[in-house]
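The structure under discussion appears below in the form of structure tokens.
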Amino acid sequence: METVTKNPFKLLHFYIKFALFLLFLSPLFSLPLLAQENNAPIFDRIVNPDIKTVLFYPNLGTPEQILRPAITTLDKQNLVLEFDILNGDGSYLMAKIYNCWADWRISELPQMEYLDTYNDFPVQNFEYSINTKVSYVHYKFQIPPLKVSGNYVVKIFESGADEENDEPLLIRRFTLYEPKGSVFLQQVPLNNPTENRIRHQINASLNYGGLTQVVNPAEQLQIVIRQNYRWDNALYGLKPTFIQAFDKTLQYNHFNLENTFWAANEMRICDLRSMMRLGINVDSIQLLPDGNAVHLRREKSRENSDYAFYEDFNGRVIIEGERGTNPSIEADYARVNFYLNESESMYNKDVYLIGNFNDWQITEAYLFKYYPTLRLFHGEFWLKQGVYSYYLALSDVRRSYVDALTLENSHFQARHVYDAIGYFRPMGARTDYAIAYNAINQ
């Protein structure tokens, strides 16, 4: 029998070439590093403190589009991300996009299955501010085409950054849904008279008539309900209370506060559109060469106040200035001073400004300073000209909780927008697919 002798050098050469081939393909087939090392949910974050006025919305061609959430259908894909960098130099940035499960953990779906190109998108659309006392660079990024419905995260990096070792400048979540079902929402009274005065109950149903792969609807389908498009207090993990197999519908009509939200209150408002006249809640304006200073009227806790009706924007922001036709680059920034009279409920607590403009998060950037001799809390924050709706919140020194109810109260008459997203996970799937969406206004 003939003996075959293998050449070890040829084998080594083959293995080196094969390893290089796999290394070349790895960006297309690999999972995001976060999914491998730390599969924790991802949250919206403004990492760079110079980034201000982040807007993320579907481009509908209407002025009201900036009040809409970052969710759209898979066939439209018209989401736009805008933000400013104060005193920026106009350098190029880059964006990376990751698919997520319904709970915002990075999914197991390979990037090549939801992207057509390499996951590195240049953010080259930027403009410098015009005729403003505070200089900034305004960035605008259109989310690129994606092939799969579901939850996504976009991370903005400095150009040339190493995503494994460098922190992103900005993180934002968004959802693409493919209508293969429908969601129905209804606000109903609670059967508890006490809770009925301070909470809103949102009953929901999810129809999955457009799906053919549903084996166990209670396990494969889920719904997430939000108040005012907020992810921070969204309702996850709701179990259906009734399954109508013939109609392919799941009912979510709970009785133990599982699908309730605090009714809270109408948002506080301040109108910063003009630096020449006093807007709503503005007490005085100082015109200064290095940036105007706006002083708001002293506010107080609403914990003992009755409900008062007025229009607000449910925590959203409308950017608008009194000069020019393009507020994106012509609206100025000002040092806006907030004042809050002390009450007993604030004892040994910290006060924060929260709203959609800072992701409803309590951070050092929006912390008030306390002046004990004046019994006054004061906060000074850079805000772009526009109309702001917001809450004042309490927390402890460790920022272990967010309490907006103590200072704002909770009234069943308060009006909010509620929306819901339906998700489907096929057997053995590596992600959750968004199949339905709906919103209701009170």
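For ASN356, work out the one condition from (1) surrounded by fewer than 20 Cβ atoms within 10 Å (Cβ to Cβ); (2) of a type in the set (S, T, N, Q); (3) under 23 Å from ALA263 (Cα atoms) it doesn't fulfil. It fails just one condition, (1). Looking across region 421-436, not a single residue is assigned to a strand (DSSP E or B) and free of Cβ contacts under 8 Å to residues at least 60 places away in the same chain. For region 330-347, the tally of residues that are surrounded by fewer than 14 Cβ atoms within 10 Å (Cβ to Cβ) and without any contact (Cβ under 8 Å) to a residue 40 or more places away in the chain stands at 2.
Within region 367-384, being of a type in the set (Ser, Thr, Tyr) and either within 24 Å of the chain's Cα centre (by Cα) or part of a strand (DSSP E or B) (or both) holds for TYR370, TYR371. Looking at this structure, is GLN222 surrounded by 17 or more Cβ atoms within 10 Å (Cβ to Cβ) and touching a Phe, Trp or Tyr at 6+ places or on another chain (Cβ under 9 Å)? When the stated conditions are applied, GLN222 passes them. Based on this model, can you work out whether PHE255 counts as among the hydrophobic types (A, V, I, L, M, F, W, C), closer than 30 Å to GLY315 by Cβ and at pLDDT below 95? Against the criterion (among the hydrophobic types (A, V, I, L, M, F, W, C), closer than 30 Å to GLY315 by Cβ and at pLDDT below 95), PHE255 qualifies. A search for C-beta distances below 8 Å between a residue of region 83-97 that is not assigned by TED's automatic domain parsing to the domain that holds ASP359 and any residue that is at pLDDT 90 or above and exposed (fewer than 12 other Cβ atoms within 10 Å of the Cβ), counting only pairs 6+ apart in sequence or on different chains, returns TYR92/PRO122; LEU93/PRO122; MET94/PRO122; ALA95/PRO122. Using the structure shown, decide if VAL387 is under 24 Å from the mean Cα position of the chain (by Cα), surrounded by fewer than 19 Cβ atoms within 10 Å (Cβ to Cβ) and in a strand (DSSP E or B). Yes. When you check ALA434 against the structure, is it surrounded by 19 or more Cβ atoms within 10 Å (Cβ to Cβ), in contact with an Asp or Glu (Cβ under 8 Å, 6 or more places away or on another chain) and farther than 22 Å from ILE85 by Cα, yes or no? Spelling it out, ALA434 is indeed surrounded by 19 or more Cβ atoms within 10 Å (Cβ to Cβ), in contact with an Asp or Glu (Cβ under 8 Å, 6 or more places away or on another chain) and farther than 22 Å from ILE85 by Cα.
Might you check whether a residue that is β-branched (Val, Ile, Thr) and in contact with a His (Cβ under 6 Å, 6 or more places away or on another chain) occurs anywhere in region 322-329?
Taking region 322-329 and keeping what is β-branched (Val, Ile, Thr), we get 325, 329.
Retained after the next criterion (residues that are in contact with a His (Cβ under 6 Å, 6 or more places away or on another chain)): 329.
Yes, there is a match, as at least one residue in region 322-329 is β-branched (Val, Ile, Thr) and in contact with a His (Cβ under 6 Å, 6 or more places away or on another chain).
Checked against (1) assigned to a strand (DSSP E or B); (2) closer than 30 Å to ASN119 by Cβ, PHE184 meets all criteria but (2). Among the residues in region 164-175, are any within 22 Å of HIS411 (Cα to Cα) and either in a strand (DSSP E or B) or touching a Lys or Arg at 6+ places or on another chain (Cβ under 7 Å) (or both)? The answer is no; no qualifying residue exists. Quick one: is ASP247 among the acidic types (Asp, Glu), in contact with a Phe, Trp or Tyr (Cβ under 9 Å, 6 or more places away or on another chain) and in the same structural domain as ARG425 (by TED's automatic domain parsing)? Here the answer is no, as ASP247 does not meet what is asked. Of all residues in region 280-299, which are touching a residue at least 12 places away in the same chain (Cβ under 8 Å) and of a type outside the set (A, V, I, L, M, F, W, C)? Hits for region 280-299 are ASN281, ASP283, PRO289, ASP290, GLY291, ASN292, HIS295, ARG297, ARG298, GLU299. Here VAL417 fits the description: under 20 Å from the mean Cα position of the chain (by Cα) and closer than 22 Å to GLU311 by Cβ.
If you scan region 141-163, which residues turn out to be outside any strand (DSSP E or B) and within 16 Å of the chain's Cα centre (by Cα)?
ILE143
Taking the conditions exactly as written (surrounded by fewer than 20 Cβ atoms within 10 Å (Cβ to Cβ), within 22 Å of LEU169 (Cα to Cα) and either without any contact (Cβ under 8 Å) to a residue 40 or more places away in the chain or not charged (D, E, K, R) (or both)), does GLN77 satisfy them or not? When the stated conditions are applied, GLN77 does not pass them. Among the residues of region 34-93, what is the count of those that are in contact with a strand residue (DSSP E or B) (Cβ under 7 Å, 6 or more places away or on another chain) and part of a helix (DSSP H, G or I)? The total comes to 4. One residue is enough: does region 123-140 have a residue meeting the conditions touching a residue at least 12 places away in the same chain (Cβ under 8 Å), of a type in the set (Phe, Trp, Tyr) and not in a strand (DSSP E or B)? So far as region 123-140 goes, no, none of its residues is touching a residue at least 12 places away in the same chain (Cβ under 8 Å), of a type in the set (Phe, Trp, Tyr) and not in a strand (DSSP E or B).
The values are calculated or read from the model by the stated rules, or taken from the named source; none is laboratory data. Predicted, not measured: the structure shown is a model, and the values here were computed from it. Note: ideal-geometry Cβ built from the backbone for every residue, glycine included; neighbour counts use all protein chains shown.
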